[in-house]
Every structure is written in C-alpha cells, then in structure tokens.
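Engineer: Here you go, one structure.
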Protein chains: 2
Amino acid sequence: MLIIPTQIAERLATGELIAAIAQELESNEVLMLAWMNKQALLNTIETRRATYWSRSRNSLWIKGESSGNFQEVSEISYDCDGDAILLKVKQSGSACHTGEKSCFHNEVALS
Amino acid sequence: MLIIPTQIAERLATGELIAAIAQELESNEVLMLAWMNKQALLNTIETRRATYWSRSRNSLWIKGESSGNFQEVSEISYDCDGDAILLKVKQSGSACHTGEKSCFHNEVALS
C-alpha cells in the first residue's frame, strides 16, 4: 500500500500542486524544481522514477521518458508545512533540457 | 540598480509567486522552500538577507526577523523556465520553526 503523508494528501486533494525539488544524491547539487499532483507522487513512490505534473502541457511527465534522462529516486522527504517535497535522486545524463546538468545554471547578479 | 532577470520579472508582474529554495552554502543541505513576490526578491537582492512572501500571513517575511535565524545570501540562481530560484545561504541557527535544522525532516516511506 502506498502512503502519502496526511498533510500532503490534504493539499493534493484540493487540486493544489506541491513543489518537488530534485537533488542529486551523491553531490547534493540541486538539479531542478518541478510540480506534482497526487498521481505524480504516487507514480514516483511506486516506480522510484521521478514523475511530475507538467503545468505547461497539463499532463503527467515521467522525467526522462523522451530524453532518457531518468531520475532514480532514493529518498523522499517533505517539509514542515507540507507544500514541498525533496527527492534525492540518481540522475541519468543531465537534468536540464538545455543540456546543462542543473536547471539552476543562470545567476542573478548581486551588487 | 537592482536587476531581476526578464523571465522572472514577467512572472512576478502577473502576481504569480516564484518558489525559492534555500540551500546551505557549506553543506549543500536543502533547508527550506518558501515563496517570493517581486518585493521579496528585491529585498533579498538588496539586503542579502532572505526575504519571502508568507502565503499564510499574506505579508513580507524577513526570515529570522522574529527568531533571529537569518539567512545571509551568498548566491542566487534561477532555473530554465524562470519559476524558481535557488539561494545559497549561511543559516543562523536552524531554518525550521520546529527547531530542526532543515524543514525537510519528515521522510516518506518507500516500499
């Protein structure tokens, strides 16, 4: 039986999406942030492959399904107010569709 | 002059909030996820102290203002679709209001 923590389940039941951070298991590098609905989270727990909800395509999105750059999920934790989860993953290839390893490859200039 | 990248600025101009991940500079531990509007991001860039938008209180929230657990921001990057930013921070005390270092201290059981 798959168990979604109550706090998360209640949010998802309202149709709200939760934020999902993917962090590389070995390096601790933050690779990307995407979104999950209930089905995406259930699929992720069940298959151990990160599955998100694509807000632009309005559909489930198995990360790597088209690129081959799957994310194998080792650990999942969730935060104290239940609106975000953290996935520790083994990333095949690069996480970003641009070919960069991480989607966070653009810096904001600090004065 | 403070510069917000165009992609981020366009989202914020619509009233959409962006997700902000705080990651500890030295350990790379992910500490928390919160939300920012334009003013929160501008304050963060200007003061180098992480400032968020509290969705529950509907107000600006200088992290640490009441607890003393400020986040000194060393680097900011943003992701390829401009809906999330990553802050590298030096965390005073603990990030979580529960006293845990990170807000992500609850695990989801994987079968």
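Every number in this text was worked out from the coordinates using simple rules, so none of it is lab data. Quick caveat: nothing in here was measured; it's all calculated off a predicted structure. Backbone-built Cβ (ideal geometry, glycine too); neighbour counts: all protein chains shown.
Engineer: Please list the non-local residues whose amide H lies under 5 Å from the amide H of residue B:108, H modeled 1.01 Å from N, same-chain partners needing a gap of 5 or more.
Structural biologist: Here A:76, A:77, A:78 satisfy the definition.
Engineer: If you place +1 on the Cβ of every Lys and Arg and -1 on the Cβ of every Asp and Glu, how big does the dipole about the Cα centre of segment A:6-91 come out, in debye to the nearest 20? Let's see the in-between values first.
Structural biologist: Numbers: 9 positive and 12 negative charges, 72 e Å.
Charge dipole of segment A:6-91: 340 debye, to the nearest 20.
Engineer: Kindly state, to the nearest 0.05, the FRET efficiency for residue A:16 paired with residue B:47, given R0 = 41 Å and r defined as their beta-carbon distance. Please report the intermediate quantities before stating the final value.
Structural biologist: Working: r = 31 Å, r/R0 = 0.74.
Once the sixth-power term is evaluated, E becomes 0.85.
Engineer: Residues of segment A:24-44 with the amide nitrogen closer than 18 Å to a label point 7 Å from the Cα of residue A:90, along Cα-to-Cβ, please.
Structural biologist: A:24-29, A:31, A:44, by backbone N distance to the label point.
Engineer: What fraction of the DSSP beta bridges in chain A is antiparallel, stated in percent and rounded to the nearest 5?
Structural biologist: Numbers: 18 of 24 bridges.
DSSP beta bridges in chain A are roughly 75 percent antiparallel.
Engineer: Using modelled backbone amide H atoms (1.01 Å from N, in-plane), which distant-in-sequence or interchain residues come within less than 5 Å of residue A:52's amide H?
Structural biologist: For residue A:52, the qualifying residues are A:61, A:62, A:63.
Engineer: Sequence neighbours fewer than 8 away in the same chain don't count; with that in mind, list the lysines whose C-alpha is under 17 Å from residue B:38.
Structural biologist: B:63
Engineer: Output ³J(HN,Hα) for segment B:41-48: one whole-Hz value per residue in order, computed from phi by the Karplus curve 6.51 cos²θ - 1.76 cosθ + 1.60 with θ = phi - 60°, and x for Gly and Pro.
Structural biologist: In residue order, the calculated couplings are 5, 4, 4, 5, 5, 6, 9, 6 Hz.
Engineer: Under unit Cβ charges (Lys, Arg +1; Asp, Glu -1), what dipole magnitude, rounded to 20 debye, does the protein assembly as shown have relative to its Cα centre? Intermediate results must be reported in sequence, preceding the final value.
Structural biologist: Working: 20 positive and 28 negative charges, 68 e Å.
That gives a dipole near 320 debye.
Engineer: In addition: Among A:71, A:39, A:23, which one shows the highest mean-square fluctuation when chain A is modelled as a Gaussian network with alpha-carbon springs under 10 Å?
Structural biologist: Maximum among the listed residues: A:39.
Engineer: Take the alpha-carbon centre of segment B:33-63, take the same for segment A:62-77, and report the distance between them in whole Å.
Structural biologist: Here the two parts' Cα centres lie 31 Å apart.
Engineer: Computed over the Cα atoms of the protein assembly as shown, what is the convex hull's projected area averaged over all directions, in nm²? Don't skip to the end; give the middle numbers.
Structural biologist: Numbers: hull surface 47.6 nm².
Mean orientational projected area (the protein assembly as shown, Cα hull): 11.9 nm².
Engineer: Let me check against my output: what whole-number percent is the relative contact order of chain A, with C-alpha pairs under 8 Å and at least 6 apart? Numbers along the way, then the final one.
Structural biologist: Working: 203 pairs, mean separation 27.9, N = 111.
Averaging sequence separation for qualifying contacts and normalising by length gives 25 percent for chain A.
Engineer: Please turn the phi angles of segment A:86-94 into ³J(HN,Hα) values with the Karplus equation 6.51 cos²θ - 1.76 cosθ + 1.60 (θ = phi - 60°), one per residue in order, whole Hz, x for glycine and proline.
Structural biologist: Calculated HN-Hα couplings, in order: 10, 9, 9, 10, 9, 9, 7, x, 9 Hz.
Engineer: Run the helix sum for chain A: -39,500 (n - 2.57) per DSSP H stretch of 4+ residues, divided by residue count, reported at 222 nm to the nearest 500 deg cm²/dmol.
Structural biologist: -4500 deg cm²/dmol
Engineer: Once phi is turned into ³J(HN,Hα) by the Karplus curve 6.51 cos²θ - 1.76 cosθ + 1.60 with θ = phi - 60°, what whole-Hz value does each residue of segment B:77-84 show in order, with x for glycine and proline?
Structural biologist: Whole-Hz 3J(HN,Hα) from phi for segment B:77-84: 10, 10, 8, 5, 10, x, 10, 8.
Engineer: For label points placed 7 Å from Cα toward Cβ, what is the shortest-first list of nm distances from residue A:101 to its copies?
Structural biologist: The projected label point of residue A:101 is separated from its counterparts by 2.2 nm.
Engineer: So which trypsin sites (Lys or Arg not before Pro) in segment B:9-67 are both in a DSSP loop and have at most 15 other Cβ atoms within 10 Å of their Cβ?
Structural biologist: On the way: sites: B:11, B:38, B:48, B:49, B:55, B:57, B:63; in loops: B:48, B:55, B:57, B:63.
Hits after loop and neighbour filter: B:55, B:57.
Engineer: Hey, if you put +1 on the Cβ of every Lys and Arg and -1 on every Asp and Glu Cβ in chain A, which of A:69, A:106, A:34 ends up farthest toward the positive end of that dipole?
Structural biologist: Ranked along the dipole, the leading option is A:69.
Engineer: When the dipole is taken about the Cα centre of segment B:23-68, and only Lys, Arg (+1) and Asp, Glu (-1) are charged at their Cβ, what size is it in debye, to the nearest 20? Could the numbers behind the result be given before it?
Structural biologist: Values: 6 positive and 5 negative charges, 63 e Å.
In debye, rounded to 20, segment B:23-68 gives about 300.
Engineer: Dividing the Cα convex hull volume of chain B by residue count, how many Å³ per residue is that? If you can, show how the numbers build up before the last one.
Structural biologist: Working: hull volume 14.4 nm³, N = 111.
Hull volume over Cα atoms, normalised by residue count, gives 130 Å³.
Engineer: Report, as an integer, the average count of C-beta atoms from other chains found within 10 Å of each Cβ along B:72-83.
Structural biologist: Mean shielding count: 5.
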